[in-house]
1. Would you check which residues across the stretch 47-82 are under 30 Å from residue 216 (Cβ atoms) and within 16 Å of the ligand (Cβ to nearest atom) and list them?
2. Could you give me the residue pairs with C-beta distances under 6 Å whose first residue belongs to the stretch 39-53 and is farther than 13 Å from residue 94 by Cα, whose second residue is surrounded by 15 or more Cβ atoms within 10 Å (Cβ to Cβ) and modelled with pLDDT of 95 or more wherever it lies, and which are 6+ apart or on separate chains?
3. Looking only at the stretch 30-60, filter to residues that are assigned to a helix (DSSP H, G or I) and over 25 Å from residue 187 (Cα atoms); which one of those is farthest from the chain's Cα centre (by Cα)?
4. Suppose the filter is within 16 Å of residue 49 (Cα to Cα) and within 16 Å of the ligand (Cβ to nearest atom); does residue 85 pass it?
5. Find all pairs meeting these conditions: Cβ atoms under 6 angstrom apart; at least six residues apart or on different chains; first residue within the stretch 177-198 and touching a residue at least 60 places away in the same chain (Cβ under 8 Å); second residue within 12 Å of the ligand (Cβ to nearest atom) and part of a helix (DSSP H, G or I).
6. Checking the structure you have, find out if any residue of the stretch 90-97 is more than 8 Å from the ligand (Cβ to nearest atom), surrounded by 17 or more Cβ atoms within 10 Å (Cβ to Cβ) and more than 15 Å from residue 161 (Cα to Cα).
7. Can we say residue 145 is crowded, with 16+ Cβ neighbours inside 10 Å, modelled with pLDDT under 95 and either part of a helix (DSSP H, G or I) or at positive phi (or both)?
8. With 4, 13 as the choices, which residue is out of contact with any strand residue (DSSP E or B) (no Cβ under 8 Å at 6 or more places or on another chain), modelled with pLDDT under 90, surrounded by 15 or more Cβ atoms within 10 Å (Cβ to Cβ) and part of a helix (DSSP H, G or I)?
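The values are calculated or read from the model by the stated rules, or taken from the named source; none is laboratory data. Source: prediction; values computed, not measured. Here Cβ is always computed from backbone atoms with ideal geometry, including for glycine, and neighbour counts include all displayed protein chains.
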Ligand code: HEM
């Protein structure tokens, strides 16, 4: 590995937590500052709804990208990013929903519930938020121990949330993902990316990628060179499996 590449990896590995928090909170902080200084557009509720929704979607995709990234690179710190990006995705999705039910409708459930059940984009969005809530609520070690294998099964629902969120986005755009009508380019690209992530998770493909990564690592090792014993700290894990 070249020196500059390993410097970047060491930096990412060392400061990952700071980077995750700064990157995830920056969008919300900017939105808050713009709102307080009155520099949002003429329809602040709509703009805040769009931006919190988009941030939640991007963070969810980042979280879902971490396991395939680990398959390809072997970096073990991806698990921390996966957890925190998922928690922040829930935070933004929850704020997004609050803008709708609180700011827009003042918690008038007699209007909110019929809206949700009559519009498909709201129905899939609401279902996604229930799943994201369950993921966030059970993301702590206590739940991992308490639920055992059930925890793994429960957390697979995040893929269902991914599908629902992409549909929500596509249907908000008044387009149709299946017939590609309307303003669906961005949702379509998100859908393609999501499908790619799912393909990379197929056990057979995953095994092939890991095997070729290991084979490459073996051929990159110096032939007949001195035997180097590398000591790795489990937490730094830039090279780990
Ligand atoms: C109860 C749950 C939810 C409600 C009530 C809701 C509501 C809305 C509303 C009202 C809009 C704007 C529609 C328009 O003005 O045409 C919207 C857009 C959007 N929502 Fe949601 N949503 C929910 C869940 C989610 C979740 C879980 C995510 C992502 C994780 C999400 C991501 C988005 C995105 C990306 C947009 C479009 C933003 C854009 O066009 O730039 N929503 N949602």
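1. Passing the criteria: 61, 62, 63, 64, 65, 82.
2. Qualifying pairs under 6 Å: 40/34; 40/47; 41/47.
3. Looking at residues that are assigned to a helix (DSSP H, G or I) and over 25 Å from residue 187 (Cα atoms), I get 36.
4. no
5. 190/166; 194/162; 194/166; 197/64
6. Yes: the stretch 90-97 contains one or more residues that are more than 8 Å from the ligand (Cβ to nearest atom), surrounded by 17 or more Cβ atoms within 10 Å (Cβ to Cβ) and more than 15 Å from residue 161 (Cα to Cα).
7. no
8. 13
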